[in-house]
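The values are calculated or read from the model by the stated rules, or taken from the named source; none is laboratory data. What you are looking at is a predicted structure, and each value in this text was computed from that prediction instead of being measured. All Cβ positions, even for glycine, are placed from backbone atoms using ideal geometry, and neighbour counts span all protein chains on display. Ligands, DNA and RNA are excluded from the accessible area calculation, which covers all protein heavy atoms including side chains. Shrake-Rupley method; radii C 1.70, N 1.55, O 1.52, S 1.80 Å.
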Amino acid sequence: MLITTTRAASLVARHQEVRGLTEQLAAPLSAEDQVVQSMPDVSPTKWHRAHTTWFFETFVLEPAFSGYTVFDPAYRVLFNSYYNSIGEQHPRPRRGLLTRPGLEEVLAYRRFVDNHVTELLNKPGAVDEQLASVIEVGLNHEQQHQELILTDVKHL
């Protein structure tokens, strides 16, 4: 069943709100602050931002857009955390060694994916309840990473 335009507008607003909060949390941090990994059990802020973007690209955009072209195929490994069915992952204890992509490219990736998610939600008849549920999971997932950003930065 397709979602209503009201539900789509609500998801657009919620998506912008959740993604915006991540940006607010990262705003006081320098590019260098966002790469440091103070111990194997934490992740750099830059990685959290890219990983949550990867989630939307992988689980929302790729299935929804026929012929969708991913931002960068290397991100499938770099920003996959533990989704074994999707493929390989960069080892968690070594995320702080990822100097590339740089922060500006991660921000461009976020804008690229966010624009496509908004486009999808604004396209009448493009989103059904199942995909809307995946978007909700993605938003909840990002909120979990917001908590991790705060915890990881505090540890740093």
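For the reader, a short list of remarks on this structure follows.
- Here segment 14-141 has 53 percent of its accessible surface on carbon and sulfur atoms, given a 1.4 Å probe and all protein chains in place.
- Segment 67-146: chymotrypsin sites (Phe, Trp or Tyr not before Pro) in DSSP loop, at most 15 other beta carbons within 10 Å: Tyr68, Tyr82, Tyr83
- Above 17 Å, the calculated P(r) of segment 1-45 contains 54 percent of its Cα-Cα pairs.
- Rounded to the nearest 20 debye, the dipole magnitude of the chain is 140 debye, with +1 charges on Lys and Arg beta carbons, -1 on Asp and Glu beta carbons, and the Cα centre as origin.
- Loop-resident sites, segment 20-83, for GluC sites (Glu not before Pro), counting at most 12 other Cβ within 10 Å (DSSP): Glu32
- Over segment 77-153, accessible surface divided per residue gives 55 Å², non-protein components excluded, 1.4 Å probe.
- Excluding ligands, DNA and RNA, the accessible surface per residue across segment 17-56 is 37 Å² with a 1.4 Å probe.
- Dipole of the chain, positive direction: furthest Cα of Thr99, Ser30, Val137, with charges on the beta-carbon: Thr99
- Among the GluC sites (Glu not before Pro) in segment 67-139, those placed in a DSSP loop whose Cβ has at most 11 other Cβ atoms within 10 Å are Glu88.
- Debye equation applied to the C-alpha atoms of the chain, log10 I(q)/I(0) at 0.08, 0.15 Å⁻¹: -0.22, -0.77
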